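Notes to accompany the following structure.
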Amino acid sequence: MTIYLDAVWALNFLLDFMLLMLTQALARDDTKKLRLAIGAFVASLTVPISIYFPESIATSVPGKIVASGIIIIVAFGYRNKYRWVKLFALFYFVSFSIGGGLTAIHFLLQRPFYVHTNGFLTYNSGFGDPISWLFIVIGFPIVWLFTKFRLDKHVQEKIRYDQILPVTIEMKGKSYSTTGFIDSGNQLTDPITKKPVVLCDEVFLKQWFSEQTWADLERCYHTFQIEALPAEWEKYLQIVPYQGVEGNNMFLFTLRPERIIIYYGEERITTRKALIGIQFGELTKDASYHCLLHPRMIQTSTIHSA
């Protein structure tokens with residue numbers, strides 16, 4: 001039997017690339033396509049290894065699991081354990097979904113038996129024949145598109161208003177960008193100025209501060225020693241009282257930004273009438289977003305074409 005390694009390798013690369021793209025879409029990750037292509041190339045290396053070294057540990061179940069973990073790191077990078085586990089699980093979920101879809105279509109279209117005068121006869125055409133290859137080449141993109149469409153539709157119907165959007169904040173002469181989550185449950189506003197409050201975590205906000213200044217600010221927050229606030233930040237800081245989930249009266253350190261820009265689809269939303277609430281810690285374990293946006297900002301801010 002003749003094996004065309006280049007053809008099998010190329011097909012495997014394309015399939016792995018599409019699986020990684022679907023994983024990226026489900027995770028709503030911003031990894032560049034070039035990096036996904038590199039990850040797909042690493043994944044496709046299993047083809048020559050399986051052919052030339054069929055008894056190697058890479059072809060065993062533990063070897064394949066380890067290889068999958070390496071593929072995720074190459075394709076998406078490693079930020080923290082939680083994000084890696086989520087991407088790893090999504091990658092296998094996508095693989096099983098696509099494989100299950102192809103199997104379902106295969107059994108739907110094939111004719112596993114036919115009636116003969118002597119009874120029922122079954123047959124199997126085997127694997128690797130031209131019909132099977134053509135089925136994979138045509139069926140895989142169809143199942144991929146169907147899976148992505150249905151999952152995207154499910155996300156739209158479930159979330160709709162809650163979305164992750166690019167955000168740029170300008171403050172104290174510096175501008176930094178991150179991702180923000182429109183939280184329909186965030187109704188925090190300053191009771192005096194009525195400005196909406198955008199909650200940002202320390203991972204993002206520390207870019208404006210030195211390590212010492214941030215430590216001083218955090219100490220002032222926990223001890224409520226307002227007189228010990230860093231002098232260079234006094235005019236930017238504002239304390240906003242609010243009621244906690246248990247009904248307790250609490251307070252929040254907020255910053256007055258020069259401008260907040262939110263990229264909402266094809267539109268660019270700009271506002272100067274908002275406060276930045278300081279979260280001393282991370283908002284999410286997987287670092288998928290660093291700001292909780294106030295829904296009123298989408299409704300009342302100035303909108304421009306992006």
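The values are calculated or read from the model by the stated rules, or taken from the named source; none is laboratory data. This structure is a prediction, so every number in the text was calculated from the model and none was measured. Here the Cβ positions follow ideal geometry from the backbone for every residue, glycine too, while neighbour counts run over all protein chains shown. Quick note on the areas: whole protein, heavy atoms, side chains included, nothing else; ligands and nucleic acids left out. Shrake-Rupley method; radii C 1.70, N 1.55, O 1.52, S 1.80 Å.
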Close pairs from the stretch 176-187: first over 13 Å from Ile276 (Cβ atoms), partner surrounded by fewer than 17 Cβ atoms within 10 Å (Cβ to Cβ) and of a type in the set (A, V, I, L, M), Cβ under 6 Å, at least 6 apart
Thr179/Ile164; Phe181/Ile164
Within the stretch 216-251, work out how many residues are open to solvent by less than 20 Å² (accessible area, probe 1.4 Å) and among the β-branched types (Val, Ile, Thr).
1
Per the list (1) of a type in the set (S, T, N, Q); (2) touching a Pro at 6+ places or on another chain (Cβ under 6 Å); (3) surrounded by fewer than 12 Cβ atoms within 10 Å (Cβ to Cβ), residue check on Thr213 breaks on (3)
Does any residue in the stretch 259-278 that is within 12 Å of Leu293 (Cα to Cα) come within less than 7 Å, Cβ to Cβ, of a residue that is among the charged types (D, E, K, R) and open to solvent by 20 Å² or more (accessible area, probe 1.4 Å) six or more places away or on a different chain, and which pairs are these?
Ile261/Arg268; Ala274/Lys195; Leu275/Lys195; Leu275/Arg256
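Suppose the filter is assigned to a helix (DSSP H, G or I), modelled with pLDDT under 80 and not aliphatic (A, V, I, L, M); does Asp6 pass it? If you could, list the steps in order and put the result at the bottom.
Numbers: assigned to a helix (DSSP H, G or I): yes; modelled with pLDDT under 80: yes; not aliphatic (A, V, I, L, M): yes.
Yes; evaluated as a whole, the condition is true for this residue.
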Output the number of residues of the stretch 198-226 satisfying the condition of being charged (D, E, K, R) and under 23 Å from the mean Cα position of the chain (by Cα).
3
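Residue-wise test of (1) of a type in the set (Lys, Arg); (2) under 32 Å from the mean Cα position of the chain (by Cα); (3) modelled with pLDDT of 90 or more; (4) part of a strand (DSSP E or B).
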position: Gln238; (1), (2), (3), (4): no, no, no, yes
position: Met250; (1), (2), (3), (4): no, no, no, yes
position: Pro257; (1), (2), (3), (4): no, yes, yes, no
position: Ile261; (1), (2), (3), (4): no, yes, yes, yes
Scan of the stretch 194-210 for residues that are in contact (Cβ under 8 Å) with a residue 24 or more places away in the chain and open to solvent by 40 Å² or more (accessible area, probe 1.4 Å), ordered by number
Lys195, Glu202, Val203, Gln207
Residues being modelled with pLDDT of 70 or more, part of a loop (DSSP other than H, G, I, E, B) and within 18 Å of the chain's Cα centre (by Cα) - total across the stretch 135-191
2
Between residues in the stretch 229-244 that are hydrophobic (A, V, I, L, M, F, W, C) and residues that are at pLDDT 80 or above and surrounded by 16 or more Cβ atoms within 10 Å (Cβ to Cβ), which pairs lie under 6 Å by C-beta distance while being six or more apart or on different chains?
Leu229/Cys220; Val240/Asp190; Val240/Leu252; Val240/Thr254
Read through the list (1) within 14 Å of the chain's Cα centre (by Cα); (2) over 22 Å from Leu145 (Cβ atoms); (3) at pLDDT below 85, then give the number of the only condition that Ile57 fails.
(1)
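Would you check if there is a residue in the stretch 71-88 being touching a Gly at 6+ places or on another chain (Cβ under 7 Å), within 25 Å of Asp286 (Cα to Cα), open to solvent by less than 60 Å² (accessible area, probe 1.4 Å) and β-branched (Val, Ile, Thr)?
Residues of the stretch 71-88 touching a Gly at 6+ places or on another chain (Cβ under 7 Å): 71, 74-75, 88.
Applying the additional criterion that residues be within 25 Å of Asp286 (Cα to Cα) yields 71, 74-75, 88.
After this cut, where a residue has to be open to solvent by less than 60 Å² (accessible area, probe 1.4 Å) as well, the list is 71, 74-75, 88.
This time we only want the ones that are β-branched (Val, Ile, Thr), so: 71, 74.
Among the residues of the stretch 71-88, at least one is touching a Gly at 6+ places or on another chain (Cβ under 7 Å), within 25 Å of Asp286 (Cα to Cα), open to solvent by less than 60 Å² (accessible area, probe 1.4 Å) and β-branched (Val, Ile, Thr), which makes the answer yes.
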